[in-house]
Amino acid sequence: MNVSDSERIARSLAPLGYVPALSADQADLVVVNTCSVRAKAEQKAFSLLGQLAAVKVRRPELVVVVAGCVAQQEGERIRERAPHVDLVLGTRAVHRLGALLMRLRTHSRTLVDVGMDEPPDEPVETPGAADRNGVSRFVTVMRGCDNFCAYCVVPYVRGREISRSPEAILHEIRGLCAAGVREVTLLGQNVNSYGAKEGICSFAQLLEQVNTVKDLARIRFTTSHPKDLTAELIRSFASLEKLCAHIHLPVQSGSNRVLACMNRRYTREHYLDNVAKLRNSHRQISVTSDIIVGFPGETRTDFEATLGLMQQVEFDSVFAFMYSDRPNTPARLLSDKVPEREKRERLHAVLALQDGITAAKHQSLVGSVQEVLAEGFSKRPAAAGAAEGFGQQWTGRTRGNKIVHFFDAGSDANADFIRPGRLVQVRIERALAHSLWGRLERDPAGP
Ligand code: SAH
Ligand code: SF4
């Protein structure tokens with residue numbers, strides 16, 4: 001969501017004549033786009049703002065903007081901790097950035113805009129040179145969240161759930177495809193409840209419409225809340241040819257007691273049943289997850305239930321986090337906090353278990369041929385290829401969202417066979433810890 005917001009911010013600055021600078025030292029304007037979901041992310045944001053204070057002493061004309069969830073959460077209080085900040089831009093004020101920068105010219109104090117009155121379908125700027133890459137892009141389908149999980153700050157900093165209309169979403173996707181984009185990731189805190197409140201249509205019906213967009217090759221989405229996963233959405237993996245076989249389905253904990261304290265509103269059994277149904281719908285579906293260790297009151301037995309669930313499901317990958325207190329959330333008031341050292345040990349146990357599972361999954365793909373959407377040259381070529389003297393390596397993702405570095409062993413006469421945005425077939429030759437490495441299979445009849 002933050003990457004997507006940063007792209008939006010960059011796009012809204014382009015028409016005002018801003019171009020990306022190489023470093024903060026050379027910039028006229030720095031936007032610090034913050035995340036508040038864990039305490040560490042917030043600390044990092046304030047540490048970066050501290051460094052920018054030093055730049056601003058040397059160059060007082062530098063404009064410093066704080067955007068995102070910390071901006072929304074702290075509002076006026078940012079002035080106390082970072083008095084050199086010129087503008088505090090809340091999560092629903094991005095479309096007002098241009099006007100606010102104009103106002104700054106005549107404003108001597110920090111300007112704060114944390115208003116929540118964003119229309120659901122504010123105009124979307126056309127893609128520009130500032131964007132991440134021209135092949136795969138995020139498209140926001142809904143903002144905010146109504147779920148109030150006990151540990152989570154999102155509903156407080158991103159506001160109530162609000163869905164964009166299918167017309168606006170399809171219009172944006174068609175525009176992206178006309179600019180060469182081949183893959184979109186539909187974004188929302190809980191896409192499974194898309195449109196429910198507004199009575200628009202179900203998320204599965206939205207996917208069906210997106211599936212008809214010409215020139216679009218792949219659809220992804222994130223995130224799904226397990227309590228709202230419908231049979232209709234599970235069927236989509238079998239019926240929609242553009243929908244990639246990957247679901248990010250955060251479980252958070254394997255203990256029913258902890259899940260109840262977290263206010264997640266599903267049980268371990270319900271979650272496992274969902275995974276079985278997903279695998280019945282699409283045999284090769286990748287299932288990834290988020291896990292929190294050390295939620296207040298999590299006992300050793302609760303934690304072992306999480307490890308047990310991980311062994312049972314065999315996720316393709318997980319993001320694991322140590323619980324941290326967040327402002328306004330009910331969990332911060334719970335008394336039996338797990339000590340830092342214990343949380344760290346539990347985190348390491350989760351990561352070690354998952355590393356073994358991921359390694360086995362990667363190994364099982366060696367020898368197979370995978371469809372990969374070529375994105376561009378690898379920034380950090382896989383050592384496997386570099387060691388063998390292979391020059392430029394390409395990078396892309398499988399339908400299951402695994403990163404593949406690959407090399408074209410074809411002759412120079414066909415040097416332009418691969419280009420960004422092309423779907424290619426890659427034979428996997430090696431399994432690496434966080435990616436795969438392979439060789440292009442030449443199939444001139446391919447897409
Ligand atoms: N909307 C998504 C997740 C958004 S936050 C969902 O419902 O799954 C991303 C992840 O951060 C969460 O899934 C959770 O694992 C983690 N997280 C959120 N609040 C946290 C906290 N207070 N401490 C540690 N991890 C947290
Ligand atoms: Fe946070 Fe829960 Fe909403 Fe996800 S569903 S954003 S974890 S409150």
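Where the second residue is hydroxyl-bearing (Ser, Thr, Tyr) and the first is open to solvent by less than 100 Å² (accessible area, probe 1.4 Å) and lies in segment 71-82, which pairs have Cβ atoms under 8 Å and are six or more apart or on separate chains?
Matching pairs, first to second residue: 71/34; 71/91; 72/36; 72/91; 73/36; 73/156; 78/110; 79/110.
Among residues belonging to segment 223-265 that are of a type in the set (D, E, K, R) and over 19 Å from residue 161 (Cα atoms), point out the one that is farthest from ligand 1 (Cβ to nearest atom).
Filtering first and then ranking leaves 241.
From 16, 22, grab the single residue that is out of contact with any helix residue (DSSP H, G or I) (no Cβ under 9 Å at 6 or more places or on another chain), farther than 23 Å from residue 332 by Cα and at pLDDT below 95.
On inspection, the qualifying residue turns out to be 22.
Just checking, how many residues over segment 377-397 are more than 14 Å from residue 440 (Cβ to Cβ), modelled with pLDDT of 65 or more and either surrounded by 15 or more Cβ atoms within 10 Å (Cβ to Cβ) or in contact with a Pro (Cβ under 8 Å, 6 or more places away or on another chain) (or both)?
1
Which count do you get for residues in segment 235-268 that are of a type in the set (Val, Ile, Thr) and open to solvent by 10 Å² or more (accessible area, probe 1.4 Å)?
The number of residues fulfilling the criteria is 1.
Out of 238, 150, I need the residue that is modelled with pLDDT of 95 or more and touching a His at 6+ places or on another chain (Cβ under 8 Å). Which one?
Selected residue: 238, the only one of 238, 150 that is modelled with pLDDT of 95 or more and touching a His at 6+ places or on another chain (Cβ under 8 Å).
Scan segment 152-187 residue by residue and report those that are within 16 Å of ligand 1 (Cβ to nearest atom) and more than 25 Å from residue 88 (Cβ to Cβ).
163, 185, 186
Which residue pairs have Cβ atoms closer than 6 Å, lie 6 or more positions apart in sequence or on different chains, and pair a first residue in segment 304-327 that is assigned by TED's automatic domain parsing to the domain that holds residue 354 with a second residue that is open to solvent by 30 Å² or more (accessible area, probe 1.4 Å) and among the aromatic types (Phe, Trp, Tyr)?
As it stands, the answer is none, since no pair meets every condition given.
Of everything in segment 164-198 that's part of a helix (DSSP H, G or I), in contact with a strand residue (DSSP E or B) (Cβ under 9 Å, 6 or more places away or on another chain) and more than 16 Å from residue 134 (Cβ to Cβ), which residue is most open to solvent (accessible area, probe 1.4 Å)?
193
Take the residues in segment 335-347 that are part of a loop (DSSP other than H, G, I, E, B) and open to solvent by 50 Å² or more (accessible area, probe 1.4 Å), then tell me which one is farthest from ligand 2 (Cβ to nearest atom).
339
Which one of 70, 66, 55, 37 is of a type in the set (A, V, I, L, M, F, W, C), out of contact with any strand residue (DSSP E or B) (no Cβ under 6 Å at 6 or more places or on another chain) and closer than 30 Å to residue 150 by Cα?
Residue meeting the stated conditions: 37.
Looking at residue 40 and the list (1) under 29 Å from residue 320 (Cβ atoms); (2) in contact with a helix residue (DSSP H, G or I) (Cβ under 9 Å, 6 or more places away or on another chain); (3) among the basic types (Lys, Arg), which single condition is not satisfied?
Tallying (1) under 29 Å from residue 320 (Cβ atoms); (2) in contact with a helix residue (DSSP H, G or I) (Cβ under 9 Å, 6 or more places away or on another chain); (3) among the basic types (Lys, Arg), residue 40 fails exactly one: (2).
Report, by residue number, each residue of segment 224-234 that is touching a His at 6+ places or on another chain (Cβ under 9 Å) and open to solvent by 30 Å² or more (accessible area, probe 1.4 Å).
Result: 227, single match.
Residue 157 passes all but one of (1) of a type in the set (A, V, I, L, M); (2) surrounded by 20 or more Cβ atoms within 10 Å (Cβ to Cβ); (3) part of a loop (DSSP other than H, G, I, E, B); (4) within 14 Å of ligand 2 (Cβ to nearest atom); which number fails?
Just one mismatch for residue 157, condition (3).
Starting from residues that are of a type outside the set (Lys, Arg) and part of a helix (DSSP H, G or I), keep the ones in segment 317-334 and report whichever is most open to solvent (accessible area, probe 1.4 Å).
The selected residue is 333.
Would you mind finding the one in 374, 413, 352, 359 that is exposed (fewer than 13 other Cβ atoms within 10 Å of the Cβ) and either modelled with pLDDT of 90 or more or in a loop (DSSP other than H, G, I, E, B) (or both)?
Checking each option against the conditions leaves just 352.
Could you check how many residues of segment 1-37 are assigned to a helix (DSSP H, G or I) and closer than 30 Å to residue 224 by Cα?
Selection size over segment 1-37: 11.
Among the residues of segment 199-220, write down those that are without any contact (Cβ under 8 Å) to a residue 40 or more places away in the chain, touching a strand residue (DSSP E or B) at 6+ places or on another chain (Cβ under 7 Å) and open to solvent by 10 Å² or more (accessible area, probe 1.4 Å).
Selection gives 200, 211.
The values are calculated or read from the model by the stated rules, or taken from the named source; none is laboratory data. Just so it is clear, the structure is predicted and the values come from calculations on it, not from any experiment. Methodologically, a virtual Cβ is constructed for each residue, glycine included, from the backbone with ideal geometry; neighbour enumeration extends over all protein chains shown. SASA here: full protein model, heavy atoms, side chains in, ligands and nucleic acids out. Shrake-Rupley method; radii C 1.70, N 1.55, O 1.52, S 1.80 Å.
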